[in-house]
Amino acid sequence: MNTAGLTVEPLINHTSFEAALKGLNIPGDSPVWKELKPVYDVLLPRLNYSAESYRQFLAILLATFYPGIPSEEAYFDLGKKCFHGYATATIIGRVALAAINLMPPDWLMNKTERLWNDTGLGTATVEKLGDKKYHVSYRDFISPPMLVCGVAVEGMQSTKAKNLTYELKLLAPAKPLSSNFDITFQWE
(Lines give C-alpha, C1' and ligand atoms only; values in the text may rest on other atoms or scores of the structure.)
Protein backbone atom coordinates (compact mmCIF):
# COMPACT_ATOMS: atom_id res chain seq x y z
CA MET A 1 0.00 0.00 0.00
CA ASN A 2 1.44 3.33 -1.07
CA THR A 3 0.88 5.98 1.62
CA ALA A 4 3.07 8.65 0.02
CA GLY A 5 1.38 12.01 0.04
CA LEU A 6 -1.11 11.11 2.76
CA THR A 7 -1.31 13.35 5.76
CA VAL A 8 -2.53 12.18 9.12
CA GLU A 9 -4.48 14.68 11.17
CA PRO A 10 -3.29 14.87 14.76
CA LEU A 11 -5.52 13.61 17.53
CA ILE A 12 -5.95 16.03 20.39
CA ASN A 13 -6.11 14.51 23.88
CA HIS A 14 -9.31 15.25 25.82
CA THR A 15 -7.32 16.91 28.62
CA SER A 16 -6.81 19.96 26.37
CA PHE A 17 -10.58 20.41 26.26
CA GLU A 18 -11.04 19.58 29.93
CA ALA A 19 -8.35 22.06 31.04
CA ALA A 20 -10.07 24.91 29.22
CA LEU A 21 -13.50 24.07 30.59
CA LYS A 22 -12.26 23.65 34.16
CA GLY A 23 -10.16 26.81 33.93
CA LEU A 24 -13.16 28.83 32.76
CA ASN A 25 -15.26 27.42 35.62
CA ILE A 26 -18.45 27.35 33.54
CA PRO A 27 -21.67 27.05 35.57
CA GLY A 28 -23.65 23.86 34.95
CA ASP A 29 -26.68 25.75 33.66
CA SER A 30 -24.71 27.81 31.12
CA PRO A 31 -26.16 27.76 27.57
CA VAL A 32 -22.63 27.23 26.22
CA TRP A 33 -22.85 23.51 27.09
CA LYS A 34 -25.50 22.99 24.42
CA GLU A 35 -23.37 24.82 21.86
CA LEU A 36 -20.26 22.79 22.79
CA LYS A 37 -21.99 19.39 22.73
CA PRO A 38 -21.50 18.71 18.98
CA VAL A 39 -17.71 19.15 19.33
CA TYR A 40 -17.16 18.09 22.97
CA ASP A 41 -19.78 16.33 25.07
CA VAL A 42 -18.70 16.76 28.67
CA LEU A 43 -20.97 13.88 29.75
CA LEU A 44 -19.55 11.45 27.19
CA PRO A 45 -15.99 12.59 26.47
CA ARG A 46 -13.82 10.62 24.08
CA LEU A 47 -10.13 10.02 24.63
CA ASN A 48 -9.07 11.98 21.52
CA TYR A 49 -10.59 14.53 19.16
CA SER A 50 -9.80 15.87 15.71
CA ALA A 51 -7.91 19.11 15.22
CA GLU A 52 -11.03 20.53 13.57
CA SER A 53 -13.11 19.75 16.67
CA TYR A 54 -10.50 21.53 18.78
CA ARG A 55 -10.57 24.59 16.51
CA GLN A 56 -14.38 24.71 16.69
CA PHE A 57 -14.22 24.29 20.47
CA LEU A 58 -11.84 27.27 20.80
CA ALA A 59 -13.99 29.39 18.47
CA ILE A 60 -17.06 28.75 20.65
CA LEU A 61 -15.13 29.61 23.83
CA LEU A 62 -13.76 32.84 22.38
CA ALA A 63 -17.16 33.94 21.03
CA THR A 64 -18.86 33.15 24.34
CA PHE A 65 -16.34 34.30 26.95
CA TYR A 66 -14.28 36.91 25.08
CA PRO A 67 -16.67 38.82 22.80
CA GLY A 68 -15.15 42.02 21.47
CA ILE A 69 -11.71 41.26 22.90
CA PRO A 70 -8.83 41.06 20.38
CA SER A 71 -8.08 37.40 19.67
CA GLU A 72 -4.43 37.56 20.78
CA GLU A 73 -5.43 38.95 24.18
CA ALA A 74 -8.32 36.49 24.48
CA TYR A 75 -6.14 33.49 23.62
CA PHE A 76 -3.46 34.56 26.11
CA ASP A 77 -6.04 34.83 28.91
CA LEU A 78 -7.65 31.54 27.91
CA GLY A 79 -4.19 29.93 27.99
CA LYS A 80 -3.66 31.14 31.55
CA LYS A 81 -7.01 29.67 32.53
CA CYS A 82 -6.16 26.42 30.72
CA PHE A 83 -3.01 26.09 32.80
CA HIS A 84 -4.96 26.44 36.04
CA GLY A 85 -7.69 24.11 34.81
CA TYR A 86 -5.10 21.49 33.91
CA ALA A 87 -3.01 21.88 37.07
CA THR A 88 -5.87 21.93 39.56
CA ALA A 89 -8.83 20.16 38.03
CA THR A 90 -7.59 17.34 35.78
CA ILE A 91 -6.31 14.09 37.24
CA ILE A 92 -3.17 14.12 35.10
CA GLY A 93 -2.42 17.76 35.90
CA ARG A 94 -2.91 17.37 39.63
CA VAL A 95 -0.41 14.50 39.62
CA ALA A 96 2.13 16.03 37.23
CA LEU A 97 2.08 19.50 38.76
CA ALA A 98 1.16 18.78 42.38
CA ALA A 99 3.94 20.83 43.96
CA ILE A 100 4.64 23.32 41.18
CA ASN A 101 4.58 26.31 43.52
CA LEU A 102 7.47 24.78 45.48
CA MET A 103 9.56 23.91 42.44
CA PRO A 104 12.23 25.89 40.61
CA PRO A 105 11.47 26.90 37.01
CA ASP A 106 14.04 24.38 35.71
CA TRP A 107 11.84 21.60 37.09
CA LEU A 108 8.94 22.74 34.89
CA MET A 109 11.22 23.21 31.89
CA ASN A 110 12.37 19.60 32.29
CA LYS A 111 8.72 18.48 32.09
CA THR A 112 7.68 20.83 29.28
CA GLU A 113 8.40 18.57 26.29
CA ARG A 114 6.48 15.64 27.68
CA LEU A 115 3.55 17.71 28.93
CA TRP A 116 3.03 19.40 25.55
CA ASN A 117 3.81 16.39 23.39
CA ASP A 118 1.27 14.26 25.28
CA THR A 119 -1.54 16.67 24.34
CA GLY A 120 -1.40 15.94 20.62
CA LEU A 121 -1.43 19.69 19.95
CA GLY A 122 2.05 19.68 18.41
CA THR A 123 5.68 19.03 19.22
CA ALA A 124 7.67 21.01 21.78
CA THR A 125 11.46 20.89 22.11
CA VAL A 126 13.28 22.52 25.02
CA GLU A 127 16.85 23.82 24.91
CA LYS A 128 18.67 25.25 27.91
CA LEU A 129 20.53 28.39 26.80
CA GLY A 130 22.13 29.20 30.12
CA ASP A 131 21.43 29.69 33.76
CA LYS A 132 17.75 30.64 34.08
CA LYS A 133 17.25 30.91 30.32
CA TYR A 134 15.46 28.41 28.06
CA HIS A 135 14.32 28.30 24.47
CA VAL A 136 11.23 26.25 23.57
CA SER A 137 10.44 25.42 19.94
CA TYR A 138 6.80 24.64 19.17
CA ARG A 139 6.21 22.94 15.84
CA ASP A 140 3.02 22.05 13.99
CA PHE A 141 0.88 23.35 16.87
CA ILE A 142 -2.87 23.30 16.48
CA SER A 143 -3.31 25.73 19.38
CA PRO A 144 -2.85 29.40 18.56
CA PRO A 145 0.57 30.67 19.67
CA MET A 146 -0.86 33.15 22.19
CA LEU A 147 -2.90 30.42 23.89
CA VAL A 148 0.24 28.30 24.28
CA CYS A 149 2.14 31.38 25.44
CA GLY A 150 -0.52 32.03 28.09
CA VAL A 151 -0.27 28.44 29.35
CA ALA A 152 3.54 28.54 29.40
CA VAL A 153 3.83 31.94 31.09
CA GLU A 154 1.27 31.05 33.76
CA GLY A 155 3.07 27.77 34.38
CA MET A 156 6.42 29.49 34.78
CA GLN A 157 4.91 32.11 37.07
CA SER A 158 3.49 29.30 39.21
CA THR A 159 7.04 28.12 39.94
CA LYS A 160 9.59 30.11 41.88
CA ALA A 161 10.52 32.15 38.78
CA LYS A 162 11.14 35.79 39.67
CA ASN A 163 10.91 38.61 37.14
CA LEU A 164 10.00 36.29 34.27
CA THR A 165 10.43 37.66 30.78
CA TYR A 166 9.61 35.92 27.54
CA GLU A 167 9.93 36.54 23.84
CA LEU A 168 7.52 34.97 21.36
CA LYS A 169 8.78 34.59 17.80
CA LEU A 170 6.29 33.49 15.13
CA LEU A 171 7.68 31.38 12.29
CA ALA A 172 6.26 30.26 8.97
CA PRO A 173 3.99 27.23 9.37
CA ALA A 174 5.11 24.01 7.70
CA LYS A 175 1.56 22.64 7.50
CA PRO A 176 -1.77 24.32 6.83
CA LEU A 177 -3.86 25.23 9.90
CA SER A 178 -0.94 24.84 12.28
CA SER A 179 1.66 27.17 13.77
CA ASN A 180 5.39 27.14 14.29
CA PHE A 181 6.81 29.45 16.92
CA ASP A 182 9.51 29.80 19.56
CA ILE A 183 9.36 31.20 23.06
CA THR A 184 12.48 32.16 24.99
CA PHE A 185 12.06 32.39 28.77
CA GLN A 186 14.39 34.10 31.21
CA TRP A 187 14.07 34.80 34.94
CA GLU A 188 16.09 35.84 37.95
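The values are calculated or read from the model by the stated rules, or taken from the named source; none is laboratory data. What you see is a predicted model, and the numbers here were worked out from it, not measured in a lab. Using ideal geometry, Cβ is built from the backbone for each residue, glycine included, and neighbour counts are taken over all protein chains shown.
When the range 122-148 is filtered for residues that are part of a loop (DSSP other than H, G, I, E, B), in contact (Cβ under 8 Å) with a residue 60 or more places away in the chain and either out of contact with any helix residue (DSSP H, G or I) (no Cβ under 6 Å at 6 or more places or on another chain) or of a type in the set (Asp, Glu) (or both), the ones remaining, listed by number, are Gly122, Ser143. The set of residues from the range 61-80 being more than 28 Å from Asp131 (Cα to Cα), surrounded by fewer than 22 Cβ atoms within 10 Å (Cβ to Cβ) and within 16 Å of the chain's Cα centre (by Cα) comprises Leu62, Ser71, Glu72, Glu73, Asp77. Being farther than 19 Å from Ala19 by Cα and touching a Lys or Arg at 6+ places or on another chain (Cβ under 9 Å) is a property that Tyr134 has. One residue stands out among those in the range 22-40 that are charged (D, E, K, R) and part of a loop (DSSP other than H, G, I, E, B): the one that is nearest to the chain's Cα centre (by Cα), which is Lys37. Within the option set Gly79, Gly68, being small (Gly, Ala, Ser), at pLDDT 95 or above, in a helix (DSSP H, G or I) and out of contact with any Phe, Trp or Tyr (no Cβ under 6 Å at 6 or more places or on another chain) holds for one residue only, Gly79. Only residues that are of a type in the set (Ser, Thr, Tyr) and surrounded by fewer than 16 Cβ atoms within 10 Å (Cβ to Cβ) were counted across the range 166-183, and they come to 1. For the range 153-188, the set of residues classified as under 22 Å from Tyr49 (Cβ atoms) and under 13 Å from the mean Cα position of the chain (by Cα) consists of Ser179 only. Comparison of Phe185, Phe181 shows that the only residue that is touching an Asp or Glu at 6+ places or on another chain (Cβ under 9 Å) and touching a residue at least 40 places away in the same chain (Cβ under 8 Å) is Phe185. In the set (1) of a type outside the set (D, E, K, R); (2) farther than 18 Å from Val148 by Cβ; (3) assigned to a helix (DSSP H, G or I), Tyr86 fails one condition alone, (2).
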